[in-house]
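The values are calculated or read from the model by the stated rules, or taken from the named source; none is laboratory data. The structure displayed is predicted, hence computed values, not measured ones. Note that each Cβ is placed from the backbone with ideal geometry, even for glycine, and that neighbours are counted across all protein chains shown. These accessible areas exclude ligands, DNA and RNA; they are computed on the full protein's heavy atoms, side chains included. Shrake-Rupley method; radii C 1.70, N 1.55, O 1.52, S 1.80 Å.
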Number of protein chains: 2
Amino acid sequence: MNDIQEVKDTLATKPQHLTDSVHVFAPATVANVVCGFDVLGFAVNEPGDEVIMRLTNKPGITISKITGDEGRLPLNPAKNTVSVSVEHYLKSIDRTDIGVDIELHKKMPIGSGLGSSSASTVAGLFAIKTLLGDDTDPSTLLPFAMKGEEMACGHGHADNVAPALLGGFVLIRSYEPLDVVRLPHPENLWCAIVFPDVDVPTREARQIIRNKINMKDAVTQWGNIAGLVSGLFMQDIDLIGRSMKDILVEPVRSMLIPDFYEMRQMAMDMGAVSFGISGSGPSVFAFTRDEETAKLITNKLRNHLTGIKIGSYGYVSTINDAGPRVMC
Amino acid sequence: MNDIQEVKDTLATKPQHLTDSVHVFAPATVANVVCGFDVLGFAVNEPGDEVIMRLTNKPGITISKITGDEGRLPLNPAKNTVSVSVEHYLKSIDRTDIGVDIELHKKMPIGSGLGSSSASTVAGLFAIKTLLGDDTDPSTLLPFAMKGEEMACGHGHADNVAPALLGGFVLIRSYEPLDVVRLPHPENLWCAIVFPDVDVPTREARQIIRNKINMKDAVTQWGNIAGLVSGLFMQDIDLIGRSMKDILVEPVRSMLIPDFYEMRQMAMDMGAVSFGISGSGPSVFAFTRDEETAKLITNKLRNHLTGIKIGSYGYVSTINDAGPRVMC
């Protein structure tokens, strides 16, 4: 983790800005990863959000356009997580003299459990970092992204923003102090994602989780997370699959997802390595060993949802190791 | 994990026995490893128990001698964990026609939290395996060793027997079905162990642990175990140290250990990577980056215990990757 002073020092030796506008993509993320509640997450290549940011002559932040949000996100820069995070960043490096305008293009559904707000926030922060020529490690931006997450979800968790920002598979070992570890993963791990278009607000999905749990169940859970982490390092897809079990959160949250267990059975029968809830849901995901199986599972689950009169979105992707990127 | 049928098949093609007697060493083990309650353990080179086993002409198992136990262990083969485990193994491979006599030489204190009963049981099982020329993977013996553990401690846990049998650092990912994963570790990781000679029965040490815990604390704990496993794979000793924290079990069990927090402070001040309770205690251990620091810590803690009129034993070792071995 780099210190913000390093960012200031870096910027002090740079031209004021290298370019006047930038177009950034930041990825959707799958948090929890079944057995890693609140501490694990990974980024995918599709979907993701886009931010176009332009320097302006007037200090302060404006949002001129938001698309793909069905009118659900505020244009008021004091209330939008993207602008608020960017403002925090600019304040921390004493650059409130700067003016920027933001266009936010949502390319994924809001409230999907795919880290929608994180993708937008990370895209915004990566855009301002790029505009200013700040080439320190992106992890410097993590505390600002977490501020945005706090505003969007009511808690400053990092299991979406960290993988969105750093790419790949990420462990949040600790929050105080923040300690983030990037984990390896097998290259041939594919991810099938299906978002059933029902409403599961993150706050509510969190509230239904029990505060007190059995020590015995916790032991089962940490045996599994240790197994998953080992499987990632060992590139052992069987071990990854055996370890991705959740006896604490999934039994509760799955109730908010239509035909969760039926969908799991279908995915596993079709050769999925594992299946579970993405973040707080309602999106579900399956790991597979190849693209073809991931595509077949996505189609099968979407057809099933259509059959019970629920609309859906589907995505097929490998794990995105790059994190946010400049599109042009 | 090999099937017992494989053992039978292997033995069917072998001579009846290759040797008439064998002398085996099996290592002490540190279970839990601070943040891996009931699922992690590692073996050390010192101390360890020894078994001398001889084939006899009369079917059945006898125990002719036990040394180093201060008269605490039963010579009755129906009540001794070593003979009971060996009997289970012989029954499972349909070889109750065999007769063996056991000498057990305890080389570590009983009730120390160093896997004393596991070391004896594993030594016995490895001895009979060797006598019979069974060269299948030692993991075949794990269920029999767990039977012995169940008899000794009232529960069939594997976090001592698995590392004693397999050597190295071991994760018990799951008990049902049994799923054991061997983890790597940095080569230059040293272990200082001190056993304060006070009585902490394993059963009681287990009973004082709370049955219900806060989800929030469980999340902290599984962030740490994931961090420890990552650190082991990454050979990142700093990460190993940062991750070895236990907010659930240590605060309770440390009350049974004289001056636990004072000893921890001393060890950390002297450069320990981490410090904690070995198994259910009262032994404590510290990881260090070199032998010298481990020796200094062991001496310092033992002197401190002497100062408060408590006898102690001290050991300095690297991690034992071999597990049990034939001595002659």
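Of note:
- 10 Å Cβ neighbours from other chains, averaged over peptide B:210-218: 6
- About the centre of its Cα atoms, segment B:67-154 shows a dipole size close to 240 debye [charges on the beta carbon of Lys, Arg (+1) and Asp, Glu (-1) only; nearest 20 debye].
- Helix-only [θ]222 nm of chain B, DSSP H runs n ≥ 4, -39500 (n - 2.57) each, per residue, nearest 500: -11000 deg cm²/dmol
- Amide H partners (placed H, <5 Å) of B:G60, local residues excluded: B:I98, B:G99, B:V100
- Between the Cα long axis of helix A:81-92 and the first principal axis of chain A there is an angle of about 50°, rounded to the nearest 10.
- Mean-position separation - Cα centroids, segment A:261-328 and segment A:155-219, in angstrom: 17
- Of the residues making up segment B:158-190, those losing 50 Å² or more of accessible area when the isolated chain is joined by the remaining protein chains, with a 1.4 Å probe, are B:R173.
- Interchain or long-range residues, amide H under 5 Å from B:D179's placed H: B:R173, B:S174
- Residue-normalised accessible area of the protein assembly as shown, given per residue in Å² at a 1.4 Å probe: 38
- Vicinal HN-Hα couplings computed from phi for segment A:227-239 (Karplus, 6.51 cos²θ - 1.76 cosθ + 1.60; Hz; Gly/Pro x): x, 4, 4, 4, x, 5, 5, 7, 6, 9, 5, 4, 5
- Total accessible area lost when A and B pair, probe 1.4 Å, Å² to nearest 100: 2900
- Label point of A:I110 (7 Å along Cα→beta-carbon): distances to the other copies' equivalent points are 6.9 nm, sorted ascending.
- Inter-copy spacing of B:M268 label points, which lie 7 Å from Cα along Cα→Cβ, given in nm from shortest upward: 4.3
- For segment B:71-176, trypsin sites (Lys or Arg not before Pro) meeting the loop criterion (DSSP other than H, G, I, E, B) and having at most 14 other Cβ atoms within 10 Å: B:R72, B:K79.
- Simple spin-label estimate for B:R325 and A:D135 gives 5.2 nm between the two label positions (7 Å along the Cα-to-Cβ direction from each Cα).
- Extension gain (nm, one decimal) between B:I310 and B:D236, 0.36 nm per residue minus Cα-Cα: 23.1 nm
- Here the accessible area of the protein assembly as shown is 49 percent carbon and sulfur, with a 1.4 angstrom probe and all protein chains present.
- Spacing of the two label points (7 Å from each Cα toward its C-beta) at A:T62 and B:T67, in nm: 9.1
- Placing one equal scatterer on every Cα of chain B and applying the Debye formula, the log10 ratio I(q)/I(0) at q = 0.07, 0.10, 0.13 Å⁻¹ is -0.27, -0.55, -0.91.
- Derived scalar couplings between HN and Hα for segment A:298-312 equal 4, 5, 4, 5, 5, 4, 4, 5, 4, x, 9, 6, 10, x, 7 Hz in order, rounded to whole Hz, by the Karplus curve 6.51 cos²θ - 1.76 cosθ + 1.60 (θ = phi - 60°), x for Gly and Pro.
- Given +1 at the Cβ of Lys and Arg, -1 at the Cβ of Asp and Glu and no other charges, the dipole of segment B:190-318 around its Cα centre is 380 debye to the nearest 20.
- What the phi angles of segment B:128-134 give under the Karplus curve with 6.51, -1.76 and 1.60, with θ = phi - 60°, is a coupling list of 5, 4, 5, 4, 7, x, 7 Hz, glycine and proline written as x.
- Each 20 Å bin from zero holds the following percent of Cα-Cα pairs in the protein assembly as shown: 18, 43, 29, 9, 1.
- If only the Cβ of Lys and Arg carry +1 and only the Cβ of Asp and Glu carry -1, the dipole of the protein assembly as shown around its Cα centre is close to 1080 debye.
- Between 0 and 90°, nearest 10: helix B:142-153 axis offset from chain B longest Cα axis: 60
- Theoretical FRET efficiency, 1/(1+(r/R0)^6), r = Cβ-Cβ of B:I247 and A:K216, R0 25 Å, to 0.05: 0.90
- Between 0 and 90°, nearest 10: helix A:260-269 axis offset from chain A longest Cα axis: 70
- Dimensions (Å) - segment B:4-183, Cα atoms, principal axes, largest first: 48, 38, 27
- Solvent-accessible surface (1.4 angstrom probe) belonging to A:H88, in square angstrom, nearest 10: 70
- Each other copy places its own label point for B:T318 at 3.7 nm from this one, sorted shortest first, where the point lies 7 Å along the Cα-to-beta carbon line.
- Taking every Cα-Cα distance in segment A:227-303 and sorting them into 5 Å bins starting at zero, the pair-distance distribution P(r) comes out as 3, 16, 26, 24, 19, 10, 2, 0 percent.
- Distant-in-sequence amide H partners of A:G133 (H built 1.01 Å from N, under 5 Å): A:L18
- By definition, a body whose alpha carbon gyration tensor gives a ≥ b ≥ c is rounded when a/c is under 1.5, and segment A:198-328 falls into this rounded group.
- Loop-located trypsin sites (Lys or Arg not before Pro) across segment B:259-328 with a Cβ neighbour count of 12 or fewer within 10 Å are B:K309, with loop assigned by DSSP.
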